[in-house]
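These notes are about the structure you will find just below.
Nothing in this text is a laboratory measurement; each read-out follows from the coordinates by a stated rule. Keep in mind it's a predicted model, so treat the numbers as computed, not measured. Heads up, the Cβs are rebuilt from the backbone with ideal geometry, glycines too, and the neighbour counts pull from every protein chain shown.
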């Protein structure tokens, strides 16, 4: 082990930290029902390990770092586990560790006794989930990758079904597990194609294998299918809006913020690292799927009334943006425009990192709100900014970031993505030249709608009046929860303020993947990824300007209106007899979008008559894909299995006959 | 082709006897007679193993023969007869397929087995060549017997006949398996019969009968 440690010190450190995660999980089983032990000791410990993983990931991103390999003395005989730490895995490890640390600290204050699974068991599942995600990023052969991937799916399945006594949660869990396995099948087949007949399962052998163009495309499509299922690409997204809300909030945060990123990692690893190059239609297909997903996700997010479902659909939108960026990178790479591919990839990486931060932050904030109020339906919340000022402040940062507003981090990545789209005229292909810029319009639409969604999310939960009188008793989050939220919010602010650092870090990865980096520009304070005279942005200067303007306004208002400010009821509009039920509701807020994009939804609505004494309004919005793709598939499967059931008549003699005939058949084959 | 020696001829006669016993088992309905036939099959096996041991000078086959004698002529029939008495089994019901049809199918299987064994016997250098086909036929006939019978008890006898066929194939074509393997198989068969015995009692307790069609009610719809 000594020579290993000297040959690959960072990788050994990461493996040790992964082992420590597993150990912490195992310690949870010592006293499975002791909430204090699990929450106050083990989860903070897990958070510390997360910081270590992040640090190791950052170390792998330093300029002097060379990829480190290890062959572990684990696995099957003659099929050991291979581990490799390079810039790409380092980047995603940094993402996993840093966001995971925030979620762990929050969880320390969040988990309580008596909610489904015992805390100790939950702690084990949680840390196995984290460790398996780290192993996915470290794996350097298909065998270890699939083992880690399936461990990840299973541990998260158990976390989703924490409250397994509720039938709808069991149903959501089953759907998730089913889709996870279908996706894993795609990935497995993809690796099966990639080894190119050599039957070597290491990624190195797959990189070296030469495939016919047809098989390369097959491998790519399988990877897109497999990782797309995990990422929630439309139409493979159906599990996501069910599973994310079913899980406890920290788990939703992990699944949305971290686990979806393993799919992004896998897609990058296969399509850009292991497949040497491909035709441009790969990129176009990925781009189209990504754009469709982004638009679809955000449109559905606008009409949701459950706050966690809303965030889940918003995750679909963000994954769509990320996948669209990967598509662009593939298009550019197929035309050997390496710098532009690097630009697209930079946007992808930064957006993945940002999404891990702000989506985790928002899911955790919903967790605090749910604990404080017991409500998750937007129709029963409101006015919580007075009761939960800390959570409200952090959620505001998250909402602004996800809406893509400067000077926060969401703006940086979306701006970079748009910049990339603006470079498409440089593609030497007339057709693509015209088609791809349309994507920029879709991205802008999605970004604007995302802003709309966040206004709804934040406004309905935190602003206005309490829609239920019980909300007046809501208490703010505990200090451990606040630390977790603050950590993630700090990340949003820092990436927004110093985007040029993020650009440099992503550059290490793009150098490894497409052999080019994006220059940050001549000035250390400004980011000019394309050319300084075309577009440049400085988060820090924006912050300075914003703070100066706000401060000046505040001082001016104080100076001129001293003693003349007064507090009144919110949304009053001069009408003094209004009740909290007269406020704009979540349904009402989404109505214009529902109207505009009517054909997208499958709406079931009950509108009361004006004469109704007890009026009741009910609306149910469903996914069209469910009825169009999945139900026919399910019916087909049902029919086939019913046919197959005939084989299982229950008669022993018939079963014996099957074995007998099989034997005779095999003997005939030998003959 | 050199003229077959006396020992070879005797061995072929024994192989023929084994096949004949298999057919007899296929047609027999009384449980007690089935056990008797099983004992006869064991005796034939012991004789043939001794013969191979002498002609091919394979001393370890003497141990095999002794083991077979003790197990297949002694212990197993004793257990089976005891079970029969305890469970009050007299005769099996009518087979699922009537006996003449079963015989015809069995003939077809013998032809198939000989055809199957032909390329292998052409390569074999051991004393006995034609016996492999017979051994395969015995195995297939035993499978057919398991398939066609209704009662669990008869199926166990079929299972033991199957094992006899395998043993015969092993001794005559390759001078027996390694001692360790043979001991292991003998132990397996013994344990298997014990477990079957336990199952008999359970099945009878549950359904008041050893007729296996009662198990069909266990299927979930």
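Tilt of helix B:99-123 relative to the longest C-alpha principal axis of chain B, in degrees (0 to 90, nearest 10)? Long axis of B:99-123 versus the principal axis of chain B: about 30 degrees. Once a ≥ b ≥ c are taken as the square roots of the eigenvalues of the Cα gyration tensor of the protein assembly as shown, is the result rounded (a/c under 1.5), prolate (a/b larger than b/c) or oblate (a/b not larger than b/c)? In terms of gyration-tensor shape, prolate. Across B:43, B:99, B:138, mean-square fluctuation computed from a Gaussian network of chain B (C-alpha pairs under 10 Å connected) peaks at B:99. Rounded to the nearest 10 degrees, the inclination of helix B:31-56 to the longest alpha-carbon principal axis of chain B is 20 degrees. Could you tell me whether segment B:5-71 comes out rounded, prolate or oblate from its Cα gyration tensor? Rule is a ≥ b ≥ c as square roots of the eigenvalues, rounded for a/c under 1.5, then prolate if a/b exceeds b/c, otherwise oblate. Since a/c reaches 1.5 but b/c is at least a/b, the shape of segment B:5-71 is classed as oblate.
Relative contact order of chain A, taken over Cα pairs closer than 8 Å and 6 or more residues apart, is 12 percent. Using only the alpha-carbon atoms, how far is helix B:179-207 inclined from the longest principal axis of chain B? Give it as 0 to 90 degrees, nearest 10. The helix B:179-207 is inclined about 20 degrees to chain B. Computed over segment A:1-204, relative contact order equals 23 percent, with contacts defined as Cα pairs under 8 Å that lie 6+ residues apart.
Here the Gaussian network model covers chain B, with springs between Cα atoms less than 10 Å apart; of B:131, B:47, B:101, B:101 fluctuates the most.
I'd like to compare A:399-411, A:21-33: which one has the highest average count of other Cβ atoms within 10 Å, and what's the full order after that?
A:399-411, A:21-33
The fraction of Cα-Cα pairs per 10 angstrom bin, counted from 0 for segment A:191-348, comes to 12, 38, 31, 16, 4, 0 percent, rounded to whole percents. Within the listed set B:52, B:97, B:35, the Gaussian network model of chain B (springs between alpha-carbon atoms below 10 Å) gives the highest mean-square fluctuation for B:97. With a 10 Å cut-off around each Cβ of B:210-218, the average count of Cβ atoms from other chains is 2.
Per-residue Cβ neighbour counts within 10 Å put A:624, A:84 in the sequence A:624, A:84, beginning with the fewest. Remark: A:200, A:168, B:205 ranked as B:205, A:168, A:200, counting other beta-carbon atoms within 10 Å and listing the fewest first. Remark: mean inter-chain Cβ contacts per residue of B:139-147 equal 3, using a 10 Å Cβ-Cβ cutoff to other protein chain atoms. Taking every C-alpha pair closer than 8 Å and separated by at least 6 residues, the mean separation divided by the residue count of segment B:6-218 gives a relative contact order of 24 percent.
Each peptide among B:79-86, A:174-181 gets the average number of other Cβ atoms lying within 10 Å of its residues, and from highest to lowest they stand as A:174-181, B:79-86. Packing order of peptides A:228-237, A:426-435, A:271-280, highest average first: A:228-237, A:271-280, A:426-435 (average count of other Cβ atoms within 10 Å over each peptide's residues). In whole angstrom, how far apart do the alpha carbon centroids of segment B:198-219 and segment A:536-583 sit? Cα centroid to Cα centroid, the span is 82 Å.
The share of Cα pairs per 10 Å bin across segment A:81-164, counted from zero up to the longest distance, runs 17, 44, 29, 10, 0 percent.
Neighbour counts of C-beta atoms inside 10 Å place A:537, A:655 in the sequence A:655, A:537, starting with the fewest.
Centre-to-centre separation between the Cα atoms of segment A:361-417 and those of segment A:28-45: 28 Å.
Shielding value for A:647-657 is 5, the average number of Cβ atoms from other chains within 10 Å of each residue's Cβ. The shape of chain B comes out prolate: with a ≥ b ≥ c from the C-alpha gyration tensor, a/c is at least 1.5 and a/b beats b/c.
Here segment B:73-89 and segment B:1-63 have alpha carbon centers that stand 22 Å from each other.
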